[in-house]
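Worksheet for the structure shown next.
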Amino acid sequence: MNKKNRFIMGAALGLATIAVAIDHTQHRLPDPVESGYEGATIIEDGEEESQSPCSMDSGGSPCSM
Amino acid sequence: MTEAVIKKIRPDKLVVLLVLFSILAISLFLQSEFNVKQSLFFLVGIIFGITLMHAMFGFTGGWRMFIRSRHSLGVRAQIILIICSSLLFFPIVGGAFSEISGYAALGQIGTSVLVGAFLFGIGMQLGGGCGSGTLFTVGQGQTDMLITISFFIVGATLGSYHLPWWLSMPNIGKVSLITELGWLPALLLQLAVLVVLYRFVFSLDKKRNNNVPNLLPTQKSENFLEQLIHGPWPIWWGIVGLTVFGLVTLLMAGYPWSITFAFGLWGAKIWSALGGDVASWTYWAGGYPAKALNQSVLADITSIMNFGIIIGATLAAALAGKYAPEGTIKPKRVLTAVIGGLLLGYGARLAFGCNIGALLGGISSGSLHGWLWLVAAFTGGIVGVKIRVWMKFDKPYGSAS
């Protein structure tokens, strides 16, 4: 184990965490789920499919794997 | 593995505790901000990270070993992984089950994939990892891989800028074996090709090296639980883990596991934050990319899973006492990490994915572009291995490496 390398990794992960936090706070949160039944959000696949990076036909965008 | 070896493992307890706390906190945060499913994607990423790290399941090293000395263990493991995934994915993508559905990772067959995968193959050998390999070695704490992943991101962003031009180059469009032949004939054809490939690779190994190691264990694990937690895992555990959770990803997301879209997204977001007008680029102007660019990075499934892979690999490395290994980065290594990272990112964007999205996900879901990717990337790999020798990273062929 190398203390210098641990410090470098810690600094990199810390910076990445800050960047993600800034990005997340700059965007509007998703709309709250209307259903009171929490489990319903787990099985709603339709929305996820439309978010597929591979759905290039509909959006005219290349598959983004 | 013997008990004597297991007893030598000294987990990095502080890192283990920090990572476990982080996993719990991030999972709860994702659940509260989004939904349970988003949290589950993160946890699947964690399992991928643990599996890749404990089984040391890398594509880059396996290819290099085979190219240099015909040692085929890694390549054969990859072929078996594709066989297992194809057996599970083809019926689902082909609509054999009315209750469940999944989409193929289709990509255009043409100049873009040919050039992109070739560059990616060179980048793998210079950068020291592929899509999954870069993530799990960063998680392990290999500081040189921080350079590779940084320029992977730069390359993927540049690739997204140039992609429309590459897509206008000659191509024959997307070809799905499942659509063309039906899922069962397509599966049988693919399995036949993969078995022939396996036997070919095995015979080349046997011809050069008398003793060809078996993929399956020759002796039982003496302490299963210890080995499961602290590693190292036999390679077939890695195959099982990646197959099972690859299936879980397909069922949950609706498409196969992918990695490199997120790198382009991260780069585009950073460039945008620095004042760049990314939204005007064709790639980011419409469809899912535009949506991803305009929402939190935590809403993107690929990003969430990538974060999970890094953190999962950190956990596995800390449990194995291998976190942040010794080593200093020499200037020549910086150079290869920069060039390799750029080629990886740019190549992956042009080639509709990396070793996971195009090779594993593409071939296993019946996309013909995955096969083209394999040929082009392996050819690039041969060039990359030769460059490593030329740069004196590796000894010339024939000498002990």
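Only one of the listed residues (B:Phe66, B:Phe90, B:Phe29) is surrounded by fewer than 19 Cβ atoms within 10 Å (Cβ to Cβ), farther than 15 Å from B:Met252 by Cα and over 16 Å from the mean Cα position of the chain (by Cα). That residue is B:Phe29. Filtering segment B:15-23 for residues that are surrounded by fewer than 21 Cβ atoms within 10 Å (Cβ to Cβ), closer than 15 Å to B:Pro234 by Cα and not basic (Lys, Arg) leaves an empty set. Of all the residues in segment B:217-271, those that are closer than 23 Å to B:Val297 by Cβ and of a type in the set (A, V, I, L, M, F, W, C) number 15.
Comparison of B:Glu180, B:Glu222 shows that the only residue that is farther than 27 Å from B:Leu374 by Cβ and either among the acidic types (Asp, Glu) or touching a strand residue (DSSP E or B) at 6+ places or on another chain (Cβ under 9 Å) (or both) is B:Glu222. Per the listing B:Val383, B:Val389, the residue uniquely more than 13 Å from chain A (Cβ to nearest Cβ), closer than 12 Å to B:Gln125 by Cα, surrounded by fewer than 24 Cβ atoms within 10 Å (Cβ to Cβ) and touching a Pro at 6+ places or on another chain (Cβ under 7 Å) is B:Val389. Test B:Ala358 against the stated conditions and say whether it is in contact (Cβ under 8 Å) with a residue 40 or more places away in the chain and within 26 Å of B:Leu177 (Cα to Cα). Yes: the conditions hold for B:Ala358. At least 2 residues being more than 22 Å from B:Leu52 (Cα to Cα) is the threshold, and among the helices (runs of 4 or more DSSP H) wholly inside segment B:138-238 those reaching it are B:144-167, B:177-181, B:183-208.
Among the numbered conditions (1) β-branched (Val, Ile, Thr); (2) more than 9 Å from chain A (Cβ to nearest Cβ); (3) closer than 22 Å to A:Thr17 by Cα, tell me where B:Ile310 comes up short. Only one criterion is unmet by B:Ile310, namely (2). Give just the number: which of (1) within 14 Å of chain A (Cβ to nearest Cβ); (2) within 27 Å of B:Trp237 (Cα to Cα) does B:Gly116 not satisfy? So the condition that B:Gly116 fails would be (2).
Provide a single number: the residues in segment B:89-143 that are within 25 Å of B:Ile46 (Cα to Cα) and of a type in the set (A, V, I, L, M). Residues flagged as within 25 Å of B:Ile46 (Cα to Cα) and of a type in the set (A, V, I, L, M) within segment B:89-143 amount to 7.
Checked against (1) modelled with pLDDT under 95; (2) over 20 Å from the mean Cα position of the chain (by Cα), B:Cys130 meets all criteria but (2). For segment B:180-194, enumerate the residues that are without any contact (Cβ under 8 Å) to a residue 24 or more places away in the chain and under 27 Å from the mean Cα position of the chain (by Cα). Of everything in segment B:180-194, those that are without any contact (Cβ under 8 Å) to a residue 24 or more places away in the chain and under 27 Å from the mean Cα position of the chain (by Cα) turn out to be B:Leu188, B:Leu189, B:Ala192, B:Val193. As for segment B:238-251, it holds no residue that is surrounded by fewer than 24 Cβ atoms within 10 Å (Cβ to Cβ) and at the interface with chain A (Cβ under 8 Å from one of its Cβ atoms). In this structure, is B:Ile270 closer than 30 Å to B:Trp284 by Cβ and of a type in the set (Val, Ile, Thr)? When the stated conditions are applied, B:Ile270 passes them.
Entry remark, segment B:321-353: residues being modelled with pLDDT under 95 and under 30 Å from B:Ser367 (Cα atoms) number 2 in total.
Candidates B:Ala25, B:Ala4, B:Ala77: the one that is among the small types (Gly, Ala, Ser) and either modelled with pLDDT under 95 or outside any helix (DSSP H, G or I) (or both) is B:Ala4. Looking across B:Gly340, B:Gly287, B:Gly345, B:Gly321, one residue alone is surrounded by 24 or more Cβ atoms within 10 Å (Cβ to Cβ) and farther than 24 Å from B:Arg68 by Cβ. It is B:Gly345.
The values are calculated or read from the model by the stated rules, or taken from the named source; none is laboratory data. Keep in mind it's a predicted model, so treat the numbers as computed, not measured. Heads up, the Cβs are rebuilt from the backbone with ideal geometry, glycines too, and the neighbour counts pull from every protein chain shown.
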